[in-house]
Amino acid sequence: MDTTQIQRALLARGYDLGPAGADGDAGPKTIAAVTAFQRVAGLVADGIAGPKTQKALQTADITDRQAEPDKPGWLVLAEALNGLKEGKGAANNPEVVKLFADAGFPGIKTDSTAWCAAYVNGILERAGHRGSRSLAARSLEAWGVGLKAPVLGCIATKKRGNSTWQGHTGFVVGASKDQVFLLGGNQSDAVNVAAFKRSEITAFRWPSDVPIPASSTLPTTIAGARSGVSEA
């Protein structure tokens, strides 16, 4: 199956691929839909439409119609970079540098520049959403629309110390009464999931061009989540 055929099979099952529909471009909505379908089909949910996924999509039975995938497309893209690290020594990881370019700052060529906002904004831009167009983490406090409570994939901002402008940002992947788990960049020089005090969070934000989920159940603990990461 080519990409268009895969998209048509997903549309037949009720998955939303956006206004472009079956356009042959495997963008974030297609990846999110494939991932959601794989969960239903009992396959490895990696967003890649390999032979097993294609075989499942080609079955005549389409009674497994689904509504919106439960994971936003930008989070699928963000998770794909989990484990990304800065280059060793004087070397610069080109994938980190590319995040600066995608966030709107092609002039930055070093991964030693703080890049948590470049990670969030770069991912948003790749997913077709305009970011804050700033490398200041707390610029995202005024981006999109505010949420009273976190939902999966929303952007969180947090303060650092007593500074009125320094902070950190990442994608929410879990939360408890006392902690928020962020998938973020520049967390001890890498992309990973880390736990932060909920009292340090300054805002939860959501893209203004995407409907806010009616409800979202977040995991309260995440195995392997780091603590005490450096955000500088």
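The values are calculated or read from the model by the stated rules, or taken from the named source; none is laboratory data. It should be emphasised that the depicted structure is a prediction, and the values quoted were computed from it without experimental measurement. All Cβ positions, glycine included, derive from the backbone under ideal geometry; neighbour counts span all protein chains shown.
Here are a few things to note about the model shown:
- Scan of the range 87-107 for residues that are assigned to a loop (DSSP other than H, G, I, E, B) and either under 19 Å from the mean Cα position of the chain (by Cα) or without any contact (Cβ under 8 Å) to a residue 24 or more places away in the chain (or both), ordered by number: LYS88, GLY89, ALA90, ALA91, ASN92, ASN93, ALA103, GLY104, PRO106, GLY107
Residues are listed down the side, and each one gets a yes or a no for (1) in the same structural domain as CYS154 (by TED's automatic domain parsing); (2) closer than 19 Å to ALA232 by Cα; (3) not hydrophobic (A, V, I, L, M, F, W, C):
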{"residue": "ASN82", "(1), (2), (3)": "yes, yes, yes"}
{"residue": "LYS85", "(1), (2), (3)": "yes, yes, yes"}
{"residue": "ALA91", "(1), (2), (3)": "yes, yes, no"}
{"residue": "LEU99", "(1), (2), (3)": "yes, yes, no"}
{"residue": "ASP102", "(1), (2), (3)": "yes, no, yes"}
{"residue": "ILE108", "(1), (2), (3)": "yes, yes, no"}
{"residue": "ASP111", "(1), (2), (3)": "yes, yes, yes"}
{"residue": "ALA114", "(1), (2), (3)": "yes, yes, no"}
{"residue": "ALA117", "(1), (2), (3)": "yes, yes, no"}
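- Check on ILE201, aliphatic (A, V, I, L, M), under 21 Å from GLY27 (Cα atoms) and touching a strand residue (DSSP E or B) at 6+ places or on another chain (Cβ under 8 Å): no
- Exactly one residue out of THR164, THR217 is over 17 Å from VAL120 (Cα atoms) and either in the same structural domain as HIS129 (by TED's automatic domain parsing) or over 18 Å from the mean Cα position of the chain (by Cα) (or both), and it is THR164.
- Every residue from the range 111-136 that is assigned to a helix (DSSP H, G or I) and either touching a residue at least 40 places away in the same chain (Cβ under 8 Å) or surrounded by fewer than 22 Cβ atoms within 10 Å (Cβ to Cβ) (or both): CYS116, ALA117, ALA118, TYR119, VAL120, ILE123, LEU124, GLU125, ARG126
- Restricting the range 79-134 to residues that are among the basic types (Lys, Arg) and farther than 25 Å from GLY224 by Cα leaves a set whose member that is modelled with the lowest pLDDT is ARG126.
- Among the residues of the range 186-209, those that are under 17 Å from GLU141 (Cα atoms), part of a loop (DSSP other than H, G, I, E, B) and not hydroxyl-bearing (Ser, Thr, Tyr) comprise PRO207, ASP209.
- Qualifying residue in the range 28-38 (condition: buried (at least 23 other Cβ atoms within 10 Å of the Cβ) and at pLDDT 95 or above): no
- Count of the range 160-178 residues which are crowded, with 21+ Cβ neighbours inside 10 Å and not β-branched (Val, Ile, Thr): 5
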